[in-house]
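Novice: Can you keep this structure in mind? I'll have questions shortly.
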Amino acid sequence: MTATFNDFINTCKQRQQELDQELWAFHYSHISDIEFWKLLKAKAEAIMMQRGIKSAFIVDQYNKDTIRQLYYYLTGDVRNCRWNVHKGIYLMGKVGCGKSLLMYSYLSVQDYLTRKITETIHAKQLIELLQSEGGITGLRERPLFIDELGRENLEMKDYGNVVKPVIDLFAIRYEYGGRTYATSNFTLDTLEAARDVKGKITAQRYGNFIRTRMDEMFNVVELPGENRRLRWGK
């Protein structure tokens, strides 16, 4: 009986080691901060040009600290990174503050260095994606970036029944440890439920069940600053 117990324990420990290796596979330590900045800047400016914006990607007082932390996060520097390097990132901020550009650029650099492939989708296309690709099951584990989370249609009809696939998606990705990234104009409190001026819940959105899981899945990072698009448009 003892041998059987030991076999079970050893199997669990072996699986833990495998999962630990999978977590560290999202990091790349053989890069300097200058090299990281050059890659990030090159990708950001390529994205901006694609959008018709011929401008340099600028580091300022609003994004400097976040970019520095992204470098520590990429390299798995647990001493200097204020975030949990094994969680995803929920980057929130005002409209036009540069959060989507920064996250798209960072994940492109991360994928390039780690040979990962992060599925990228705008929130409004999420329902369509969930209806294909093998449904929710096809998205339960692979790296996923959702841009503008909170702008998706929360409900859809499935054979006449109203379902909330986004909620189901977060639930299953939590269980399987799918690395998830998101940008949003909304706080997690706002995604959880609509509230009145006194803080009383007036309507459920994701609900507390998903909210608590999102707290475990994400580093919640606020990117300060105003609308950069106004500056680029001049």
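Novice: From the set of residues in segment 150-159 that are more than 18 Å from the chain's Cα centre (by Cα) and in a loop (DSSP other than H, G, I, E, B), which is modelled with the lowest pLDDT?
Specialist: At the first step, the residues of segment 150-159 found to be more than 18 Å from the chain's Cα centre (by Cα) are 153-159.
Applying the additional criterion that residues be in a loop (DSSP other than H, G, I, E, B) yields 153-155, 159.
On the way: ASN153: 82, LEU154: 78, GLU155: 75, TYR159: 65.
Filtering segment 150-159 for residues that are more than 18 Å from the chain's Cα centre (by Cα) and in a loop (DSSP other than H, G, I, E, B), the one modelled with the lowest pLDDT comes out as TYR159.
Novice: Tally up the residues in segment 187-209 that are surrounded by fewer than 16 Cβ atoms within 10 Å (Cβ to Cβ) and either touching a strand residue (DSSP E or B) at 6+ places or on another chain (Cβ under 8 Å) or within 18 Å of LEU149 (Cβ to Cβ) (or both), please. It would help to see each step written out before you state the result.
Specialist: As a first pass, look at segment 187-209 and keep what is surrounded by fewer than 16 Cβ atoms within 10 Å (Cβ to Cβ): 187, 189-190, 194-204, 207-209.
Filter again for either touching a strand residue (DSSP E or B) at 6+ places or on another chain (Cβ under 8 Å) or within 18 Å of LEU149 (Cβ to Cβ) (or both), leaving 187, 189-190, 194-196, 201-204, 207-209.
Final tally of qualifying residues: 13.
Novice: Of all residues being among the charged types (D, E, K, R) and under 14 Å from PHE186 (Cβ atoms) in segment 85-105, which is modelled with the lowest pLDDT? Just the residue, please. It would help to see each step written out before you state the result.
Specialist: Just the residues of segment 85-105 that are among the charged types (D, E, K, R), to begin with: 87, 94, 99.
If we keep only those that are under 14 Å from PHE186 (Cβ atoms) as well, we get 94, 99.
Values: LYS94: 93, LYS99: 96.
Filtering segment 85-105 for residues that are among the charged types (D, E, K, R) and under 14 Å from PHE186 (Cβ atoms), the one modelled with the lowest pLDDT comes out as LYS94.
Novice: Checking the condition closer than 30 Å to THR66 by Cα and more than 15 Å from the chain's Cα centre (by Cα), which residue from THR202, THR180, THR114 passes?
Specialist: Working: THR202 fails: closer than 30 Å to THR66 by Cα; THR180 fails: more than 15 Å from the chain's Cα centre (by Cα).
Testing whether each residue is closer than 30 Å to THR66 by Cα and more than 15 Å from the chain's Cα centre (by Cα) leaves just THR114.
Novice: Among the residues of segment 221-234, how many are modelled with pLDDT of 65 or more and surrounded by fewer than 15 Cβ atoms within 10 Å (Cβ to Cβ)?
Specialist: From segment 221-234, those modelled with pLDDT of 65 or more are 221-228; that's our starting set.
Narrowing further to those that are surrounded by fewer than 15 Cβ atoms within 10 Å (Cβ to Cβ): 222, 224, 226-227.
Selection size over segment 221-234: 4.
Novice: If you don't mind, another one. List pairs: first residue in segment 194-223 and free of Cβ contacts under 8 Å to residues at least 12 places away in the same chain, second residue outside any strand (DSSP E or B) anywhere in the structure, Cβ distance under 6 angstrom, at least six positions apart or on different chains.
Specialist: These pairs meet every condition: THR202/ASP196.
Novice: Listed residues ILE172, ILE146, ILE127, ILE167; which is farther than 21 Å from ASN208 by Cβ and in contact (Cβ under 8 Å) with a residue 24 or more places away in the chain?
Specialist: Working: ILE172 fails: farther than 21 Å from ASN208 by Cβ; ILE146 fails: farther than 21 Å from ASN208 by Cβ; ILE167 fails: farther than 21 Å from ASN208 by Cβ.
So the residue among ILE172, ILE146, ILE127, ILE167 that is farther than 21 Å from ASN208 by Cβ and in contact (Cβ under 8 Å) with a residue 24 or more places away in the chain is ILE127.
The values are calculated or read from the model by the stated rules, or taken from the named source; none is laboratory data. A quick note: this is a predicted structure, and the numbers were derived from the prediction, not measured. Every residue, glycine as well, gets a Cβ built from its backbone with ideal geometry; the counts of neighbours run over all protein chains shown.
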